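Undergrad: The following block contains the structure, expressed as structure tokens.
The values are calculated or read from the model by the stated rules, or taken from the named source; none is laboratory data. None of these values were measured; they are calculated from a predicted model. Positions of Cβ are generated from backbone atoms using ideal geometry, with glycine treated the same way; all protein chains shown enter the neighbour counts.
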Amino acid sequence: MESLFWNVDIAQLDVQRDADFILTRILERGRMVDVDWAIARYGVERIHRYFRTAPRPELSRRTIRFWKVVLHAQEERWPEAPPWRRDNSAPWID
């Protein structure tokens, strides 16, 4: 899991305080063993709440759709980031 946190001191992460940051990295880029760890550590309900409480522009639409299926939440309206936060293309390139 250390490879997911290449730019931070993993020893300084607190699993409670930094839960949203940790979940973002694991749910977007983690391996199955990382996802299993997150589910065991936080629980499915906490992961569901993670998606329901705030927009997650760091996550791809593909990841969000996947988790909607996993969490049986296809009909739920989760907060969305504004379009400029979801688009990673440079506005000056045609």
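Undergrad: With the requirement that a residue be more than 22 Å from Ala73 (Cβ to Cβ) and of a type in the set (Asp, Glu), what does the stretch 6-49 give you?
TA: Asp9, Asp14, Asp18 - these are the residues of the stretch 6-49 that are more than 22 Å from Ala73 (Cβ to Cβ) and of a type in the set (Asp, Glu).
Undergrad: Looking at (1) surrounded by 14 or more Cβ atoms within 10 Å (Cβ to Cβ); (2) modelled with pLDDT of 95 or more, which one does Arg17 not meet, given that it meets all the others?
TA: Checking Arg17 against (1) surrounded by 14 or more Cβ atoms within 10 Å (Cβ to Cβ); (2) modelled with pLDDT of 95 or more, the one that fails is (1).
Undergrad: Just give me the residues in the stretch 8-25 being in a loop (DSSP other than H, G, I, E, B), of a type in the set (Val, Ile, Thr) and closer than 22 Å to Trp67 by Cα, in sequence order.
TA: The one that is in a loop (DSSP other than H, G, I, E, B), of a type in the set (Val, Ile, Thr) and closer than 22 Å to Trp67 by Cα: Val15.
Undergrad: Same structure again: Find the residue count for the stretch 26-49, including only residues that are part of a helix (DSSP H, G or I) and farther than 20 Å from Lys68 by Cβ.
TA: Qualifying residue count, the stretch 26-49: 4.
Undergrad: Is the stretch 73-91 home to any residue that is polar (S, T, N, Q), modelled with pLDDT under 90 and either within 21 Å of Arg25 (Cβ to Cβ) or in contact with a Cys (Cβ under 8 Å, 6 or more places away or on another chain) (or both)?
TA: Yes: the stretch 73-91 contains one or more residues that are polar (S, T, N, Q), modelled with pLDDT under 90 and either within 21 Å of Arg25 (Cβ to Cβ) or in contact with a Cys (Cβ under 8 Å, 6 or more places away or on another chain) (or both).
Undergrad: Are there any pairs, at least 6 apart or on different chains, whose C-beta atoms fall under 7 Å, with the first in the stretch 50-63 and surrounded by 15 or more Cβ atoms within 10 Å (Cβ to Cβ) and outside any loop (DSSP other than H, G, I, E, B) and the second of a type in the set (Asp, Glu) and modelled with pLDDT of 90 or more, and if so, which?
TA: Sorted first by the residue in the stretch 50-63, then by its partner, the pairs are Tyr50/Asp20; Thr63/Glu28.
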